[in-house]
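The values are calculated or read from the model by the stated rules, or taken from the named source; none is laboratory data. These numbers were taken from a predicted model, which means no experiment stands behind them. Backbone-built Cβ (ideal geometry, glycine too); neighbour counts: all protein chains shown.
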Amino acid sequence: MDNSKLSCSAFGLSLIGKQIEGLVKILPQLIYVLDLQKRKIVFISDRITDILGYSKQDIEQMGNSLGPIMVHANMKDFAADISQKFDRIAIGENIEFTMAFRHKNGQIRTLKNTANLLQQNAEGKNQYIMLIAEDITEQILREEILQFKQFHLHNSERVFQYGSWEMEEGSEYVKWTDGLFELLGVPKERFPDRRVPVDFYSSFIPPTEKDLVRAEVYEKIEAKIPYHEISHSIISLDGETKYVILRMHIFETNKTSIIMGTVVDNTISMKAEKEYNDQMMQLQRQHTQMEEAEAIFKFGSWECNINEAHFRWSEGLFNLLELDSNQYPQSIVPLDFYPSFVHPEDVQRVRDYTRKVLAEQKGFYEIEHRIIDSTGVIKNVMLRARVQYDENGRMLRAVGVTADLTEIETYRRELERQVAALNRSNQELEQFAYVASHDLQEPLRKIKAFGERLEKKYKDAVGEEGGFFIDRMINAAQRMNTLIDDLLTYSRASRETETPKQIALNEVVKNVIDDLEIKIQNENAQISVGELPMIEAQGVQMQQLFQNLIENALKFKKTDLSPVVHISAEKVSKIDYHKIPQLNQSLEYYRFTISDNGIGFDARYADQIFAIFQRLHGRTEYEGTGLGLAICRKIVESHSGYIMAKGEEGVGATFIFYLPTTKNK
């Protein structure tokens, strides 16, 4: 017999006591004694075989140590740490630690060890440690499975935005999962045991729904309805409104009823459904509006997908052709249906244009033609469409409208007739004014000439009163002559007397200032001219425009102040002249400003001063016929421009006019 075996067993029994040998044998735990000085096991119970599959002989072969079958990621550090703890343990104390061991069959088993000091050596150092080891492998596995399930439940609740709850019937508390706390925005720390008062949930339900939801819940519980769900809204702790579905399951046991359920966040679905309903209502409104618009403006829309080999018409197009849409299911008509209504004289033109659009793969289709509706009435229509093609140039889809232009065409022809008549009348009036003015000038010149001779030869004979009458006659003739000249200028302002060309306006203004040199010197006037652009215009009319405005500034000066006139120009941005409806939006403009420090005028008369023969002052105060500014407006408007005035009495006047860079043809 091996002496080591005997010494191990006998010595171990002497340590634990023979009286508890029977107890050791029946205990489910593994008990073993460790000699700290020899670093070996001196006793181990028979449970080693039940728990780890090894016999005592196997342990002896491993050197009376469990080290070879211990499993640890860092065995060296663990051994050093536990040895240190064993060396320091006192009698009556215990140390607990878990350790994994490899079973003889290869499985890993986890043992929970409790170490106690049995005996010290003669030097007072710890020598014998008794360890009681309990196999907790299955317990750990169950805990891991439970944690795994809870982890996935929590993730599932978070992903699918729901929470779970459970309670016994009649209980004052409900157990919540993490998902329900998160759904309602309630910190979990507020209820560490996850048990919340039974009425706590209802505090999140809006007052308008609370009583109804509670009544329905208790009614279903009392009636023992196995399954029920309620849709309602909640207001979370942070004030967010959510739409939820409360589901309940009732399970009957021998003693009581268990009620379990979920609260699912249905906000996204509810919002999506609301948005869908809103969109459907919007589409319905748009459809109704489109039908009303089609009826009011007399047009219809259509769509063609070449793969479907048919057209889909709107109600307006059926109405345009005087057809009953109910006779055409789903508003579908054959491809050759519309061409059958095209006027015979326009069929070939429409067909040729269609072929050209498709051959050139044009994206836009537009043509005017005539149709004959189902009642035989001829109508003028405009057909417009957008065309889409595939990569091979084959038409895929076309969407368009067909508008009734019959009334517009009638109005246009009548307007053209009236414009032609108005142009003839204007030409006749201009010719009359021109001829009349020329015819008036001849007798006027004679009146003036004979008056001057009469004054020169018979002034003494007629006396003072006769001389006064002669002066009045000559002055009246002079004013009449000036008036006729201004009328001729005003008449010419509406006609192109020369071909428009590029005009340097700085040169035009320089010539005007030269012509007015004497008057400028007499008035001691200062005229400053900024950088003016070149524009396409009639040179004579530009000369007349600037001369009239500069003379106007010199005429209406203050008696005690020399005239100061500023002339400037700047390019107008699209945003600015879009605000002025009088301008042609397809042209580009310059803004010209002529300001003075004269007597000014009341802002109420800003429009009146441009009217023909309008004067704000008497003839005795300021000379003139009242046609100067009217001529300016006619010149500016004949160039597709616009003129306006700003003034303040006693401060001065500013004339602003807009001229395009290129004269509108």
- Condition test on Arg424, is it part of a helix (DSSP H, G or I) and modelled with pLDDT of 75 or more? no
- Message: I'd like to know if region 91-103 contains one or more residues that are within 18 Å of Lys38 (Cα to Cα) and at pLDDT 90 or above.
- Response: no
- Residue check, Ala100 touching a residue at least 24 places away in the same chain (Cβ under 8 Å) and assigned to a loop (DSSP other than H, G, I, E, B): no
- For region 308-337, name all the residues that are in contact (Cβ under 8 Å) with a residue 24 or more places away in the chain, of a type outside the set (A, V, I, L, M) and assigned to a loop (DSSP other than H, G, I, E, B). Ser314, Glu322, Pro334, Phe337
- Note on the structure: Ala553 fails exactly one of (1) hydrophobic (A, V, I, L, M, F, W, C); (2) touching an Asp or Glu at 6+ places or on another chain (Cβ under 6 Å); (3) more than 21 Å from Leu627 (Cβ to Cβ), namely (3)
- Which pairs have Cβ atoms under 9 Å, sit 6 or more apart or on different chains, and link a residue in region 338-365 that is farther than 27 Å from Leu323 by Cβ and assigned to a loop (DSSP other than H, G, I, E, B) to one that is modelled with pLDDT of 90 or more and charged (D, E, K, R)? Lys362/Lys356; Gly363/Arg386
- Item | Residue that is nearest to the chain's Cα centre (by Cα), among those in region 543-567 that are farther than 12 Å from Ala653 by Cβ and in contact (Cβ under 8 Å) with a residue 60 or more places away in the chain | Leu545
- Residue that is surrounded by the most Cβ atoms within 10 Å (Cβ to Cβ) [pool: residues in region 386-415 that are among the hydroxyl-bearing types (Ser, Thr, Tyr) and farther than 14 Å from Ala359 by Cα]: Thr402
- Task: Quick one: which residue in Leu629, Leu659 is modelled with pLDDT of 90 or more and crowded, with 21+ Cβ neighbours inside 10 Å?
- Result: Leu659
- Item | Of residues in region 563-608 being part of a loop (DSSP other than H, G, I, E, B) and modelled with pLDDT of 90 or more, the one surrounded by the fewest Cβ atoms within 10 Å (Cβ to Cβ) | Asn597
- Could you run through region 251-262 and say how many residues are β-branched (Val, Ile, Thr) and without any contact (Cβ under 8 Å) to a residue 40 or more places away in the chain? 1
- Message: Take residues that are in contact with a Pro (Cβ under 8 Å, 6 or more places away or on another chain) and not acidic (Asp, Glu) and tell me which of the strands (runs of 3 or more DSSP E) falling wholly in region 181-268 contain 1 or more.
- Response: 227-235, 241-252
- Odd one out for Leu66, checked against (1) at positive phi; (2) in contact with a strand residue (DSSP E or B) (Cβ under 9 Å, 6 or more places away or on another chain): (1)
